[in-house]
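What follows is calculated from the coordinates using simple rules that are stated; it is not laboratory data. A quick note: this is a predicted structure, and the numbers were derived from the prediction, not measured. Backbone-built Cβ (ideal geometry, glycine too); neighbour counts: all protein chains shown.
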Amino acid sequence: MAKVKITGHASGTGVITVTAPNTSTDRTITLPDSTGTILDNTSTLDATKLSGALPALSGASLTGVNAINSGRKNMLINGDFSVSQRGTYTSATTATHLQYYLDRFYVANDGVTGTIQDTGFAAKLVATSSATGTLRLVQPIEDTVWLAGKTVTLSCQMKSNDSNSRLGIYAGAWQSTTATHTGGGAWETISITLTLPSSIGAELSTHFGIDGASSANVSISSGAYCEMKDLQLEVGSVATDFEHRSYVEELVLCHKYYQTYGSIYFMATVGRYADSSGLWCGTWSFPNGAMRAEPTVTYHDQASTPEAGKMTMYAADSSATTTHSINFRPFGTRGKTESHIDFNTYNETHGLTSYGDVGIARVSDFTLEAEL
């Protein structure tokens, strides 16, 4: 039978005490069949001392770990609210139900009036009436096929004084998993994890704000607010650190859904591929790239009272009288695609006199929208 021997050190004067734990259960300590030194909290453990396969690790138990080399993981666009092509909302702006403000997010404030404000890489919704309803930001997701059947995690940083502030996902139907803020007015990390249906249907959307479970109406008091930042949707069961993309990257992604150009000028030729009194304005390719689908186009002329869908016509030498309120339209069945527009007019008075004369057409607040 092997023996256990405790050997003292000839130079030491200290006393080593082995203390039994407070237990009524027999315990067995099995010593390794080799010579070595027991590790303590000052010992090092280098690679030469490690062998064999590590057990599976649950990321849910890890803290302070940043995602590294994880690629493009955030399925949300403009999750840091850095892009705002439609305007500047650094002051509280009255929100209209189902209208977009900060790129890729629209406001859903059914039954409740409220404001939206860009607070610097964050968005804040504030109720301005007391009523029953919802007050939230929504981003529809385009890639429903790839995400179908996958486990995903939706997360953000949220600050609110309303305990009905929450995250939600709609995937053909409201998903039952939600997470709420305490309503204590401090920043909190909120996340939900769920497996999406294998067949999502026509709509997949993410929801952030004051809302009920499955988007049921809730009682909201005037002054209730929900502020959000670092919004992220990713594949997997763990909410990892927020993926920061550059402003240029976010802007390029946003351009697939919305583009705005201010004033646009076109060369216009009398009779070219139009009727004898019409104008052909050529092909205009979108400078910011092709959009996800054929966009809705809005613009107006230069009249003192601008008219939508109209243009202002100038002679090339500026000698002709300016003509306002000319109908300006895409030409032919393929006059508008996801990447370009062919414009012309038809039987319009334009101020030019002869076939082949060239002028300049101008429109303002030219926008292209292809939101989901």
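Side notes on the structure shown:
- Residue-wise HN-Hα coupling along segment 183-193, computed from phi with Karplus coefficients 6.51, -1.76, 1.60 (Hz; x: Gly, Pro): x, x, x, 10, 5, 9, 7, 10, 8, 9, 10
- Positive-end ranking of 36, 350, 109 along the dipole of the chain, with charges on Cβ about the Cα centre, is headed by 36.
- Backbone amide hydrogens, once placed in the peptide plane, bring residue 342 within less than 5 Å of 284, 331, 336, excluding anything fewer than 5 places away on its chain.
- Helical contribution to [θ] at 222 nm, DSSP H n ≥ 4, -39,500 (n - 2.57), averaged over the chain, rounded to 500: -500 deg cm²/dmol
- Vicinal HN-Hα couplings computed from phi for segment 217-223 (Karplus, 6.51 cos²θ - 1.76 cosθ + 1.60; Hz; Gly/Pro x): 5, 10, 6, 10, 9, 4, x
- For residue 203, residues with placed amide H under 5 Å, excluding near neighbours: 172
- Cα-projected label distance for residue 354 with residue 121, points at 7 Å along beta-carbon direction, nm: 6.2 nm
- Alpha-carbon Rg/Rh ratio, for segment 211-254, with Rh computed the Kirkwood way: 1.11
- Estimated dipole of the chain in Debye, rounded to 20 [Cβ of Lys and Arg +1, of Asp and Glu -1, Cα centre]: 840 debye
- Measuring nothing but how far apart in sequence close Cα pairs (under 8 Å, 6+ apart) lie, relative to its length, segment 155-270 scores a relative contact order of 30 percent.
- Shown in residue order for segment 162-179 are the 3J(HN,Hα) couplings computed by the Karplus curve 6.51 cos²θ - 1.76 cosθ + 1.60 at θ = phi - 60°: 10, 6, 8, 6, 7, 10, x, 10, 10, 9, x, 7, 5, 7, 6, 7, 9, 9 Hz (x for Gly and Pro).
- Partner aspartates and glutamates for residue 159 [C-alpha distance under 13 Å; skip if fewer than 8 residues away on the same chain]: 188, 227, 230
- Neighbour-count ranking [beta-carbon atoms within 10 angstrom, fewest first] of 118, 365: 365, 118
- FRET efficiency estimate (nearest 0.05) - Cβ-Cβ, residue 283 to residue 99, R0 35 angstrom: 0.65
- Inter-label distance, residue 38 to residue 110: 6.5 nm, where each label sits 7 Å from its Cα along the C-beta direction.
- Summarised in one figure, the compactness ratio Rg/Rh of the chain, Cα atoms and Kirkwood Rh, is 1.24.
- Whether segment 82-228 is rounded, prolate or oblate, judged on the alpha carbon gyration tensor where a/c under 1.5 counts as rounded: prolate
- Residues in segment 70-99 that a label on residue 177 would reach, taking backbone N under 17 Å of a point 7 Å out along Cα→Cβ: 74-76
- Among the listed pairs 150/336; 124/150; 73/124; 256/310; 229/336, those beyond 28 Å (Cα-Cα): 150/336; 124/150; 229/336
- The relative contact order of the chain comes to 14 percent, based on Cα pairs under 8 Å that sit 6 or more residues apart.
- Distance in nm between pseudo-label sites at residue 46 and residue 9 (7 Å out along the Cβ direction from Cα): 2.2 nm
- Residues with amide H under 5 Å from that of residue 258, placed H, sequence gap 5 or more: 370
- Unit charges at the beta carbon, dipole of the chain: most positive-side option, 236, 24, 360: 24
- Selected from 293, 216, 125, residue furthest toward positive end of dipole (the chain; charges at beta carbon): 216
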